[in-house]
Amino acid sequence: MTALQILHNRFRDRGIISGFALALPDREEYTPLVEQAKALGIEPVLFSSVKVLEKPVSLQQQRWGLEDDSGNDTLVGAAISLTQEQTGWKTLVVIPLANLLVEAGEVYGSLELYRRESFDACFAEERVPGGGWAVFSNELLIGLQRSHEDLMWARGGLAWALRKPLYPFKLGSWHCPRIRSRLAVDLRFNSERMQIVYARTANSDFATSSFSYEKWLANSGWENVYCDHGPLTIELEPTNDCSGSCFNCPHSSMQRECTQLSVDIFGRLAAEFSAGDDVGWILSGMGEPLRHSGLADILRQLDKYQVSLHTSLQILPEDIDFPWSTIDHLRISTDALAREGFDKVRPGCNWENIEKFLVFARERKKAMPDRFPEIGVSLLRHRLTEHHQQAFLRYWKQVTSPVFRENFFRWPFDLPPDPVQWFQILGEAEYGRSGSRTSNVDFTPVKRRPCRHALLSATVLADGSVTICPFDYEGQHALGSLKNHSLKDIWRSQSAQNFRKQHLQMQFNDDLPCVDCRDWYHPL
């Protein structure tokens, strides 16, 4: 069954529904979907695709890797308003076609809450992307369309306007079963990975009103299928060459040979994936990525992917054509606000380079906001930085307005972005060196969850080894090497599958460092 057939089948036998409508752009490629809707007795509502004002790249959640069901990145308010106008319905339940985890019973529960409390709108909460919906009143839609037509045609404008809010709307939140998946991933039907997951996990109830989101999470075995498909993130170490001697970093004691990733090996790695794959790349590791002589060529090959570069700017690219536009996120490790503190915690790194780059970034970001990365600065919390973390936060709060404070929306869209988009304090890692943390605060969550690095990330070291996680900085637990095998073959090997199985079951062999690991939560 198609996604439209599945969702229609879940709700069609419920008596309180007046009818179904499918809102979609008036583009030729949607013609088969229009015909499919008509065959099911669903009223198609076509809206003008040229009138939709798309969000700038810098404001899109996909760029930040934080997709959700808030509607702030997807909903076109005018399309929903047009549906209301065409149907005359007083209440509209909006379910994205990609949300195949929507549960009929919970939707009706939210409608009861919506009516009892006389809400203007009601949103589902506490569900993974792929299981949410929203309820809108006709008065809200009519009023916003008449008074803020430009905002209603802006992608995500409706959801932003309600949460801002522009007016004292009465908003409700439907708290679904407070059970989230153990893996914080996007389960919308929008990738090849999810096609495979749904094809292999859908049971006889999947396309009926008896479908249970909670039971599907618990019993379908979706986690194995999702993880075995391939890595969601490739954590790439271009080189382990580093000039710094940063506080508590194990680099100075590392026994691994100092080298850089072969351009040929990387070329074969990049050729394994296509632009349609839901994989992102993080360039980091135990060295300074910018010290790789061929980094520009590597970045050019990653132009179609989400790319994050973690750097301390030990050197600055001399090439005026350096492909900054291929990078989505550029995280600069500063650990200080001024050179004096910087030199104490990051000896061997270069404070002048950071100052020069931020001046350069300000001009480039202003000139080409969608073709320059979103820049963030980070402070690693440890014994030597405890005393100035508050000053770090106060300063950056004054000079920047991170886009996520506005729910990934700024109006109007052509407002110039800040040169620095975010700032963060990171927890100190142990790297398998028990007791090496010096911070007064332990960031490790009380309850352990399956490790994202083990289940969803492939860590590629500079010598081509594919190891279990970025904290295995010596590569002692490598699953294979790109010199001999493809990454996908290594990922789907029996040893790799057994390793992931241990993490899903939370039962580890004694010979794995995962048993006592306290770095599993780090979102590198």
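The values are calculated or read from the model by the stated rules, or taken from the named source; none is laboratory data. Because the structure is a prediction, the values reported are computed rather than measured. Please note: Cβ atoms are built from the backbone with ideal geometry, for glycine as well, and neighbour counts cover all protein chains shown. Side chains are part of the model used for accessible areas, which takes the heavy atoms of the whole protein and leaves out ligands, DNA and RNA. Shrake-Rupley method; radii C 1.70, N 1.55, O 1.52, S 1.80 Å.
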Would you check which residues across segment 257-266 are open to solvent by 30 Å² or more (accessible area, probe 1.4 Å) and either part of a loop (DSSP other than H, G, I, E, B) or under 13 Å from residue 346 (Cα atoms) (or both) and list them? 257, 258, 259, 262
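Quick one: in segment 172-195, of everything that is under 11 Å from residue 98 (Cα atoms) and touching an Asp or Glu at 6+ places or on another chain (Cβ under 6 Å), which residue is least open to solvent (accessible area, probe 1.4 Å)?
Here the answer is 191.
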Only one of (1) under 30 Å from residue 436 (Cβ atoms); (2) open to solvent by less than 20 Å² (accessible area, probe 1.4 Å); (3) part of a helix (DSSP H, G or I); (4) out of contact with any Leu (no Cβ under 7 Å at 6 or more places or on another chain) fails for residue 298. Which number is that? (1)
Quick test for you: out of 487, 479, pick the one residue that is closer than 20 Å to residue 273 by Cβ, open to solvent by 30 Å² or more (accessible area, probe 1.4 Å) and among the hydrophobic types (A, V, I, L, M, F, W, C). 479
If you go through segment 218-235 one residue at a time, do you hit one that is more than 30 Å from residue 494 (Cα to Cα), open to solvent by less than 60 Å² (accessible area, probe 1.4 Å) and in a loop (DSSP other than H, G, I, E, B)? no
Output the residues belonging to segment 315-364 that are surrounded by fewer than 19 Cβ atoms within 10 Å (Cβ to Cβ) and basic (Lys, Arg). 339, 344, 356, 362, 364
Looking only at residues in segment 86-114 that are assigned to a helix (DSSP H, G or I) and out of contact with any strand residue (DSSP E or B) (no Cβ under 8 Å at 6 or more places or on another chain), which one is least open to solvent (accessible area, probe 1.4 Å)? 104
Screening 394, 410 for residues that are open to solvent by 60 Å² or more (accessible area, probe 1.4 Å) and either among the charged types (D, E, K, R) or in a loop (DSSP other than H, G, I, E, B) (or both) leaves only 394
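Return yes when residue 272 is charged (D, E, K, R), in contact (Cβ under 8 Å) with a residue 24 or more places away in the chain, at negative phi and exposed (fewer than 15 other Cβ atoms within 10 Å of the Cβ) and no when it is not. So that I can check it myself, show each step before the final result.
Numbers: charged (D, E, K, R): yes; in contact (Cβ under 8 Å) with a residue 24 or more places away in the chain: yes; at negative phi: yes; exposed (fewer than 15 other Cβ atoms within 10 Å of the Cβ): no.
Taking the combined requirement at face value, the residue does not satisfy it.
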Within segment 59-78, can you find the residues that are assigned to a helix (DSSP H, G or I), surrounded by fewer than 23 Cβ atoms within 10 Å (Cβ to Cβ) and not aromatic (Phe, Trp, Tyr)? 61, 62, 63
What is the residue count in segment 117-156 for residues that are assigned to a strand (DSSP E or B), aromatic (Phe, Trp, Tyr) and open to solvent by 10 Å² or more (accessible area, probe 1.4 Å)? 1
Open to solvent by less than 20 Å² (accessible area, probe 1.4 Å) and modelled with pLDDT under 95: is that true of residue 429 in this structure? yes
